[in-house]
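So the structure is just underneath, and the comments pick up after that.
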Amino acid sequence: MNPDDRKYTREHEWVVSENGADTVLVGITHYAQDQLGDVVYVELPAVGDPVGYLAKMGEIESVKAVSDLFSPVSGEVAEVNGRLAQEPELVNNDPFGDGWMLRVSMSDPAELDSLLDAAAYDEYVGQL
């Protein structure tokens, strides 16, 4: 269910490197969006804002709850998925594609080594 090309946090965010560069895409997992229910609002940092490894980077609001979002890497926000402002349901419909949240220029690519691969994340979620 979870793509093998990315890394995962225990807080249910994913990160994928783009073409081996130090710029990554960040989003939430299928499990996270499923637990949230219908997403109605996403609050994200602005381009140029710093994000910290496993630090709060925003909030996501659904019909069920408001939850914090955590950055899987440290760095600077290079791009925000502007479609989410008008189409927050993209997070539900395509969490690993069109529902991506941020593009981040990483300051410490070694942080990726401490994240879960798809198999470990699947095992983790299976225990919840």
Subset of the range 18-60 (residues that are polar (S, T, N, Q) and in contact with a Pro (Cβ under 8 Å, 6 or more places away or on another chain)) = Thr29, Gln33
Does the range 16-26 include one or more residues that are closer than 18 Å to Asn93 by Cα and surrounded by 13 or more Cβ atoms within 10 Å (Cβ to Cβ)?
-> yes
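Looking at Val125, is it surrounded by 14 or more Cβ atoms within 10 Å (Cβ to Cβ) and part of a helix (DSSP H, G or I)? Steps first, please.
Working: surrounded by 14 or more Cβ atoms within 10 Å (Cβ to Cβ): yes; part of a helix (DSSP H, G or I): yes.
Taking the combined requirement at face value, the residue satisfies it.
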Would you mind stating whether Tyr53 is hydroxyl-bearing (Ser, Thr, Tyr), in a helix (DSSP H, G or I) and either farther than 17 Å from Glu87 by Cα or touching a residue at least 24 places away in the same chain (Cβ under 8 Å) (or both)?
-> no
Scan of the range 77-122 for residues that are in a strand (DSSP E or B), charged (D, E, K, R) and touching a Ser or Thr at 6+ places or on another chain (Cβ under 7 Å), ordered by number = Arg103
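Which of the residues spanning the range 1-50 are among the aliphatic types (A, V, I, L, M), over 17 Å from Val104 (Cβ atoms), modelled with pLDDT of 95 or more and outside any strand (DSSP E or B)?
Ala32, Leu36 - these are the residues of the range 1-50 that are among the aliphatic types (A, V, I, L, M), over 17 Å from Val104 (Cβ atoms), modelled with pLDDT of 95 or more and outside any strand (DSSP E or B).
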Scanning the range 68-88 residue by residue, the ones that are more than 20 Å from Lys7 (Cβ to Cβ), of a type outside the set (A, V, I, L, M, F, W, C) and either exposed (fewer than 15 other Cβ atoms within 10 Å of the Cβ) or without any contact (Cβ under 8 Å) to a residue 40 or more places away in the chain (or both) total 4
Of the candidates Asp98, Asp94, the one satisfying the condition of being among the acidic types (Asp, Glu), surrounded by 14 or more Cβ atoms within 10 Å (Cβ to Cβ), in contact with a Phe, Trp or Tyr (Cβ under 9 Å, 6 or more places away or on another chain) and within 19 Å of Asn2 (Cβ to Cβ) is Asp94
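The values are calculated or read from the model by the stated rules, or taken from the named source; none is laboratory data. Keep in mind the model is a prediction, meaning the values are calculated, not measured. All Cβ positions, glycine included, derive from the backbone under ideal geometry; neighbour counts span all protein chains shown.
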